[in-house]
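Report on the structure given below.
The values are calculated or read from the model by the stated rules, or taken from the named source; none is laboratory data. Predicted model only: the values in this text are computed from it and were never measured. Quick reminder, even Gly has a Cβ in these numbers, built from the backbone with ideal geometry, and neighbours come from all protein chains shown.
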Amino acid sequence: DAGVIQSPRHEVTEMGQEVTLRCKPISGHNSLFWYRQTMMRGLELLIYFNNNVPIDDSGMPEDRFSAKMPNASFSTLKIQPSEPRDSAVYFCASSQRTSGEETQYFGPGTRLLVL
Amino acid sequence: AQSVAQPEDQVNVAEGNPLTVKCTYSVSGNPYLFWYVQYPNRGLQFLLKYITGDNLVKGSYGFEAEFNKSQTSFHLKKPSALVSDSALYFCALLKAAGNKLTFGGGTRVLVKP
């Protein structure tokens with residue numbers, strides 16, 4: 001298995017632009033998570049999906065952030081409009097939720113820089 | 001509320017010496033505990049986890065961790081550190097039947113030759 005795939009790996013954009021991050025979870029996994037990592041705040045869970053349905057988006061910073069999972073093999077995290085404080089590494093992770101002890105497997109991350 | 005603490009921001013150790021990375025947790029109910037490692041410009045890699053059973057858990061790359069319920073700790077250990085073990089290590093907590101991982105702040109390990 002190729003593991004969790006994220007694209008792009010690096011993104012540089014200007015303030016006010018729309019940014020779309022993409023994630024392909026491990027085949028067969030039914031839970032998907034979006035995290036953000038910064039020096040100041042560490043790893044933060046933004047949102048997670050079970051069976052393509054958003055379960056908890058309490059970590060999404062504000063309305064500028066939105067996430068979708070149209071099918072079991074694809075998810076997007078969109079920031080519109082982007083701001084310099086959104087600069088961070090965004091990770092996608094997936095797991096196979098069965099008994100509540102599942103290991104989450106992380107993608108390589110997207111390093112976002114908003115100028 | 002659940003929380004994870006990694007009291008050391010950085011651990012320095014000489015190659016060949018034992019390595020310990022500390023983690024303590026707080027949760028109501030049974031915890032599931034995980035260790036991840038992050039190399040520069042990479043994602044988090046799963047090392048090991050404790051769910052139930054034997055308190056000593058063995059994982060990848062020669063790492064192990066000991067679950068201590070009375071001390072609410074889950075310290076990561078390696079008997080003989082390698083320079084290639086230099087990385088950022090995260091302890092994480094999953095409440096039983098929950099979905100959300102709570103991460104510690106991370107501990108940077110530097111193994112010197």
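Please go through region B:71-105 and give me each residue that is among the aliphatic types (A, V, I, L, M), in contact with a Gly (Cβ under 9 Å, 6 or more places away or on another chain) and assigned to a strand (DSSP E or B), ordered by number.
The answer is B:Leu76, B:Leu88, B:Ala92, B:Leu93, B:Leu94.
Hey, which of the strands (runs of 3 or more DSSP E) in region A:1-85, taking only ones fully inside, have at least 1 residues that are over 21 Å from A:Arg97 (Cβ atoms) and in contact (Cβ under 8 Å) with a residue 24 or more places away in the chain? Please lay out each step first, then the result.
Numbers: elements: A:5-7, A:10-13, A:19-24, A:31-38, A:42-50, A:53-56, A:65-71, A:74-79.
Once the strands (runs of 3 or more DSSP E) in region A:1-85 are filtered for at least 1 residues that are over 21 Å from A:Arg97 (Cβ atoms) and in contact (Cβ under 8 Å) with a residue 24 or more places away in the chain, what remains is A:5-7, A:10-13, A:19-24, A:31-38, A:74-79.
Residues of region A:86-101 being more than 8 Å from chain B (Cβ to nearest Cβ) and either free of Cβ contacts under 8 Å to residues at least 24 places away in the same chain or in a loop (DSSP other than H, G, I, E, B) (or both), which ones?
The answer is A:Ser87, A:Gln96, A:Thr98, A:Ser99.
In region A:86-101, what count of residues is obtained for those that are surrounded by fewer than 20 Cβ atoms within 10 Å (Cβ to Cβ) and at pLDDT below 95?
6
I'd like the full set of residues that are crowded, with 19+ Cβ neighbours inside 10 Å and within 12 Å of chain B (Cβ to nearest Cβ), limited to region A:35-68.
Passing the criteria: A:Tyr35, A:Arg36, A:Gln37, A:Leu43, A:Leu45, A:Leu46, A:Ile47, A:Tyr48, A:Phe49.
Listed here are the residues, each with its yes/no results for (1) part of a strand (DSSP E or B); (2) within 15 Å of B:Gly106 (Cβ to Cβ).
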site	(1), (2)
B:Val13	yes, no
B:Tyr36	yes, yes
B:Arg42	no, yes
B:Leu47	yes, yes
B:Thr52	no, no
B:Tyr61	no, no
B:Phe67	yes, no
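Does region B:14-36 include one or more residues that are hydrophobic (A, V, I, L, M, F, W, C), in contact with an Asp or Glu (Cβ under 7 Å, 6 or more places away or on another chain), more than 14 Å from chain A (Cβ to nearest Cβ) and closer than 22 Å to B:Thr72 by Cβ? Give the derivation first.
Going residue by residue through region B:14-36, those that are hydrophobic (A, V, I, L, M, F, W, C) are B:14, B:19, B:21, B:23, B:27, B:33-35.
When the remaining residues are screened for being in contact with an Asp or Glu (Cβ under 7 Å, 6 or more places away or on another chain), the result is B:19.
Still in the running and more than 14 Å from chain A (Cβ to nearest Cβ): B:19.
When the remaining residues are screened for being closer than 22 Å to B:Thr72 by Cβ, the result is B:19.
Yes, there is a match, as at least one residue in region B:14-36 is hydrophobic (A, V, I, L, M, F, W, C), in contact with an Asp or Glu (Cβ under 7 Å, 6 or more places away or on another chain), more than 14 Å from chain A (Cβ to nearest Cβ) and closer than 22 Å to B:Thr72 by Cβ.
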